[in-house]
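The values are calculated or read from the model by the stated rules, or taken from the named source; none is laboratory data. This is a predicted model, so every value here is computed, not measured. Cβ: placed from backbone, ideal geometry, glycine included. Neighbour counts: every protein chain shown. Accessible surface is based on the protein model in full, side chains and every heavy atom, while ligands, DNA and RNA are left aside. Shrake-Rupley method; radii C 1.70, N 1.55, O 1.52, S 1.80 Å.
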Amino acid sequence: DMYHADWRTSEGGALSELFTSEYVDTLMILAKASAKLLASQPVLAEAHVPCRVFGDLHGQLRDLLLLFAAFGFPGSKEDTADDDAMSYVFNGDFVDRGAHSLEVIGLLLALKVSMPNRVWLVRGNHEDRTMNARYGFFDECQERLGDTFASKTYDLLQNAFDQLPLACVVGGQILCVHGGVGDGRWDLNDLRAIRRPLGQVELGRSENRWIHNILWSDPIEDDLEERDERDTIGPVFGVHESPRNTTAVLFGWDVTKTFCARNGVAMVVRSHQSKKYGLGFDLMHDEKLMRVFSARDYEGHCNDGAVLLVRATEDEEPPSSMSIRAQVLGSYAKSRNGHPKSPKK
């Protein structure tokens, strides 16, 4: 095992292995095809169960491949052996910060195009031009694709990002969003009414602040020990300003529970946050909110990477009840350094 940052960064990545020597043409074809496909599908996607939900990947291709190898690769014989083939939700933040963002987004778009009704890509706050210019994806395109093709490929990928769905309902009961519910005053019909493409101008409008918070908001911890560590003592309920930016908010357990009750969903699954020494997942807000993060050892956090396996517990359509089980890929940093601090469960 090794840190992702040490893997293949001096060998030119894995673009040619994934997409042949004509990888630039392949990336552009995938970007065009996926933008057209995404525009034809709902802004609120619907995935059947069984389903695996992935959290942030941030260009960490090796972790994505290890998770596939450990728990199932989309389209494999094992994956399609049962009558109910596995569906997959990738819950945003595919690019930036990691060394292989082009490989990750290329592979995910290829999976989407080849299995359009089984693979769902949900938009995160890093599927955005401003974020990509600041946190590495734009620079990676420039460095690896060259002056001739970088700008065109990057623009085509941004067009695909602007068509991504903002949420996915799994099994009719679990709502997957990248950030959170924000102030919780919107409903699923509001989401269905959103028109795409959603570029920087549209996302920046004041009337779309609730959309911004689907990508950016965070829950207030209802575990006192977790909150003490981050010096965020204060109310655990209601809606409050976020330290992330002037538009984002923090939302309490009451907001989550009210949102779920009003919209008829059992739970919200979100990503967006890596916790230091964390397990890659946690449950909060009276078991109405679950976090999943898939990139291991992200930004030095010594965190595990996880995916969530969602299955129906009864043979009904739609399922009346479901189980969620975290499948965890252990942190390399933890195994190497033996951190004395163990993650909280």
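For this structure, a couple of remarks:
- In the condition set (1) touching a residue at least 24 places away in the same chain (Cβ under 8 Å); (2) of a type outside the set (A, V, I, L, M); (3) out of contact with any His (no Cβ under 6 Å at 6 or more places or on another chain), SER271 is compliant with all but (3).
- Elements of type strands (runs of 3 or more DSSP E) in segment 265-345, at least 3 residues being under 16 Å from CYS51 (Cα atoms): 267-270, 289-292, 305-312, 322-329
- Any hit, segment 53-64, residues being of a type in the set (D, E, K, R) and within 22 Å of VAL269 (Cα to Cα): yes
- Set side by side, the residues PHE73, PHE138 differ, and just one is of a type in the set (Phe, Trp, Tyr), surrounded by fewer than 19 Cβ atoms within 10 Å (Cβ to Cβ) and out of contact with any strand residue (DSSP E or B) (no Cβ under 9 Å at 6 or more places or on another chain), which is PHE73.
- Candidates in segment 264-280 are the residues that are over 12 Å from the mean Cα position of the chain (by Cα) and over 13 Å from CYS176 (Cβ atoms); of these, the one that is surrounded by the fewest Cβ atoms within 10 Å (Cβ to Cβ) is GLY264.
- Criterion violated by ALA99 - all others in (1) in contact (Cβ under 8 Å) with a residue 24 or more places away in the chain; (2) under 30 Å from SER320 (Cβ atoms); (3) open to solvent by 10 Å² or more (accessible area, probe 1.4 Å); (4) part of a loop (DSSP other than H, G, I, E, B) satisfied: (2)
- Contact map, segment 60-79: first residue closer than 22 Å to PHE137 by Cβ, second residue open to solvent by 40 Å² or more (accessible area, probe 1.4 Å) and in a loop (DSSP other than H, G, I, E, B), Cβ cut-off under 6 Å, separation 6 or more or different chains; pairs are ARG62/TRP7.
- Leading residue by the ranking (farthest from ALA261 (Cα to Cα)) among those in segment 151-194 that are free of Cβ contacts under 8 Å to residues at least 24 places away in the same chain and not hydrophobic (A, V, I, L, M, F, W, C): SER151
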